[in-house]
Amino acid sequence: MTDNKQITAIEKALGLVLPGAYRDYLQQHLAEDKPVTDLILLYGTGILVQRNNDYEVQRYLPSWISIGDDGGGRAICLHCNPNDPAVYITGYGALDTGSMEVLSTGFEAWVQDGFPLDIIREAPDVIVFRSSETFQLRSAWMELHRALTQLESAKATMDLKSYIQQKRLLQQQLEDFEKQHAGKNYRL
């Protein structure tokens, strides 16, 4: 158990007030770093400030705190705004709100659910990209290539005439698609 002075010192060092539920959990359970699953390490009071300083979390995300990581370069974060109790995850190399995905609607729920890494809401930048023309064209182009690959896999079970007709049709569709969208950036 951590005393209140240590928590206050952490808040002062980071220049923010920790969210209530996390503050209570930190005080009760995190005097030391704690692996809470095979992947997730929650930072204890001894390293919390250092990790946030090492990754410059408050520089890139003022009023946010990284409370742990997933062992794969992604930060588990909380917004120190009482109106936003969600638990977020983002890459340490992408510390911006547009890249943050939601793991849980609140810290207490996340703890009670066993610290899952399942994304319940995609990052805003991902949502914007999925609705972009580039993504739509890329998906259509990939689908045509996938159909050609599947046809090649089924070739041995097809009669030659059907195979050739279907392959020509798919190749023509792909050629038409590429002509129609020439100059647009959709290829991987």
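The values are calculated or read from the model by the stated rules, or taken from the named source; none is laboratory data. Note that the coordinates shown come from a computational prediction; the quantities given were computed from them, not determined experimentally. Heads up, the Cβs are rebuilt from the backbone with ideal geometry, glycines too, and the neighbour counts pull from every protein chain shown. Surface accessibility is based on the protein's heavy atoms, side chains included, excluding ligands, DNA and RNA. Shrake-Rupley method; radii C 1.70, N 1.55, O 1.52, S 1.80 Å.
Does residue 59 satisfy the condition of being open to solvent by 40 Å² or more (accessible area, probe 1.4 Å) and touching a helix residue (DSSP H, G or I) at 6+ places or on another chain (Cβ under 7 Å)?
no
What do you reckon, is residue 174 surrounded by 12 or more Cβ atoms within 10 Å (Cβ to Cβ) and at negative phi?
yes
Any residue that is among the small types (Gly, Ala, Ser) and closer than 30 Å to residue 36 by Cβ - is there at least one of those in the stretch 148-167?
Looking for residues that are among the small types (Gly, Ala, Ser) and closer than 30 Å to residue 36 by Cβ, one finds none in the stretch 148-167, hence no.
Among 105, 90, which is β-branched (Val, Ile, Thr), open to solvent by 30 Å² or more (accessible area, probe 1.4 Å) and free of Cβ contacts under 8 Å to residues at least 60 places away in the same chain?
Of the residues listed, the single one that is β-branched (Val, Ile, Thr), open to solvent by 30 Å² or more (accessible area, probe 1.4 Å) and free of Cβ contacts under 8 Å to residues at least 60 places away in the same chain is 105.
Of all residues in the stretch 17-47, which are in contact with a helix residue (DSSP H, G or I) (Cβ under 7 Å, 6 or more places away or on another chain) and either not in a helix (DSSP H, G or I) or not charged (D, E, K, R) (or both)?
17, 18, 19, 21, 22, 25, 26, 27, 43, 45
Need pairs with beta-carbon distance below 6 Å; first residue over 14 Å from residue 66 (Cα atoms) and within the stretch 31-43, second assigned to a loop (DSSP other than H, G, I, E, B) and open to solvent by 50 Å² or more (accessible area, probe 1.4 Å); sequence gap 6+ or separate chains.
39/71
Would you say residue 95 is in contact with a Leu (Cβ under 8 Å, 6 or more places away or on another chain), at pLDDT 90 or above and either open to solvent by 30 Å² or more (accessible area, probe 1.4 Å) or not in a strand (DSSP E or B) (or both)?
When the stated conditions are applied, residue 95 passes them.
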